[in-house]
Amino acid sequence: MPLHWSIHQLTEFFAAVSAAEDEQAAVRVAVRSALEALDADAGAVVMAGEAVVRGLTGLPGESPAALWLPAAAGAPTVELPLLGEVDVVYAALASGIDGGLVAARLDDDFGAEERQMLHGMAQVLGLALRNLRILATERARQALLETLLAVQRSISRREPLQSVLDAITEGASGLLGGVPVALVLCDPSSAGELIVASQLHWPSPGSALAPAAAAIAEGDTVRRRIPAGDLLVATPVHAGGDVAGSLVALGPAGVDAGIDVITAFGQQISMALTDARTVEAVREAYRDPITGLPNRKLFAERLDQALNDGRVDTVVTLFIDLDRFKSVNDTLGHHAGDELLAAVSDRIRGQLRTGDVAGRLGGDEFAVLMEDVSAEDARTVAERIVHSVAEPFRIAGRSVCVGASIGIAAGAARQVTADDLLRDADLAMYRAKRTGTGRVVVG
């Protein structure tokens, strides 16, 4: 077996590891080269600071870092799976990289020249890894700068708010390796309520609310481990100096290392939200301007959150359609029609329990979200709404009478979707209208 490497061979080795695209590839090249040079049976790079093994060669599957750590402490042998007791040699990496290159061989200990050879290879690998990290940092910084400049241009051109917010979440996700990212904002029209204003790859909108609420309450970045082992990182965003929401990322431990990226994008969102007109745009994007109720988008989001955040077992939806509304619109005009819709919304809300959510889906259609209530109790609420809406309204100086037909659909949390419930309640409402006016049908 060779007992030393020439300067030329070390130079070629440095060129090979430096040409690797990333650290993992450089480590694989180094380990293979070390095993070939030392005629060893197994080897790896043990990253002590991360307690992980990289570039494992010569052993199947994974090898815990703890198996190799005795070698780092100077032990001449270690016990490895399949191989049993082997002779080992360990050389620390250079350039401040916390770890070492280790090789193992059966039935033959390592001589002084071989140890010196591995030491030289470890020094070269450490230098190559440091250079790769510097390059990766520069690339990430350049990508972050380019993305933030693009977002700033969008803000200065006053592009639509949703486009700006989506660009921010997309940029943050991309720079963090495609991890799920969600932007959660405080509802300007409803104290204590939150809106998932933009999300990318997020598994369920409701699951972003708890960490976002914590970041908003604390006014600082929060980190939470979730049962799957991933990490949630949430950083607050501001509008005019006040906390207006939170940017949340979900991913492996690397997300924590990218907290500066999340913070930087949170600052960009703060720039967009600080403009009073932008804050108003948030309200307009999620609230019906006539009734002040959540619009279809926000109502569907609230419904999705109720179905997926684990707080409730059953969710019930009421789909409400007004009877004879078109004749009021045609006779008295659209201004009177808008006045009537606002009055109807007040009566609907007056019949609801604390915690129930009403929304206007569009036209003369409304919906109500109720949690942990039986279909029969929901029917009781629906019948109260029917009777309330049937009472005359004073609109444009005239007495106006309309009615309401209501369909009800119930679903088990985490087993149906918001679209399913709205569709089933809509179908039930149409069956109610076919039986006459002022009817309630449970789907």
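The values are calculated or read from the model by the stated rules, or taken from the named source; none is laboratory data. Treat the numbers as computed from the prediction; the structure is a model and nothing was measured. Reconstructed Cβ throughout: ideal geometry from the backbone, glycine too, with neighbour counts over all protein chains shown. Just so you know, the surface numbers come from the protein's heavy atoms only, side chains and all, with ligands and any DNA or RNA stripped out. Shrake-Rupley method; radii C 1.70, N 1.55, O 1.52, S 1.80 Å.
In segment 386-443, which residue that is free of Cβ contacts under 8 Å to residues at least 40 places away in the same chain and β-branched (Val, Ile, Thr) is least open to solvent (accessible area, probe 1.4 Å)?
Only one residue fits best here, namely Val441.
Quick check on this structure: which one of Ala103, Ala136 is modelled with pLDDT of 80 or more and over 30 Å from Val196 (Cβ atoms)?
Ala103
Identify all residues within segment 308-331 that are more than 20 Å from Gly438 (Cβ to Cβ), of a type outside the set (Val, Ile, Thr) and out of contact with any Asp or Glu (no Cβ under 9 Å at 6 or more places or on another chain); write none if there are none.
The answer is Asn308, Asp309, Gly310, Asp330.
Conditions first: (1) under 16 Å from Pro289 (Cβ atoms); (2) within 35 Å of the chain's Cα centre (by Cα); (3) open to solvent by less than 30 Å² (accessible area, probe 1.4 Å). Ala367 passes all but one, so which condition is the exception?
(1)
So that you can scan it fast, the table gives a plain yes or no per residue for (1) under 30 Å from Leu183 (Cα atoms); (2) not acidic (Asp, Glu):
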| site | (1), (2) |
| --- | --- |
| Gly292 | yes, yes |
| Phe299 | yes, yes |
| Val316 | yes, yes |
| Asp323 | no, no |
| Leu341 | no, yes |
| Gln351 | no, yes |
| Thr354 | yes, yes |
| Glu365 | yes, no |
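Does Ala103 satisfy the condition of being closer than 19 Å to Val17 by Cα, free of Cβ contacts under 8 Å to residues at least 60 places away in the same chain and touching a strand residue (DSSP E or B) at 6+ places or on another chain (Cβ under 6 Å)?
No.
So the check is Cβ under 6 Å with 6+ separation or different chains; which pairs have a first residue in segment 208-223 that's in contact (Cβ under 8 Å) with a residue 12 or more places away in the chain and in a loop (DSSP other than H, G, I, E, B) and a second one that's of a type in the set (A, V, I, L, M) and surrounded by 15 or more Cβ atoms within 10 Å (Cβ to Cβ)?
Gly219/Val243
Out of Gly49, Gly43, which single residue is modelled with pLDDT under 80 and under 40 Å from the mean Cα position of the chain (by Cα)?
Values: Gly43 fails: modelled with pLDDT under 80.
On inspection, the qualifying residue turns out to be Gly49.
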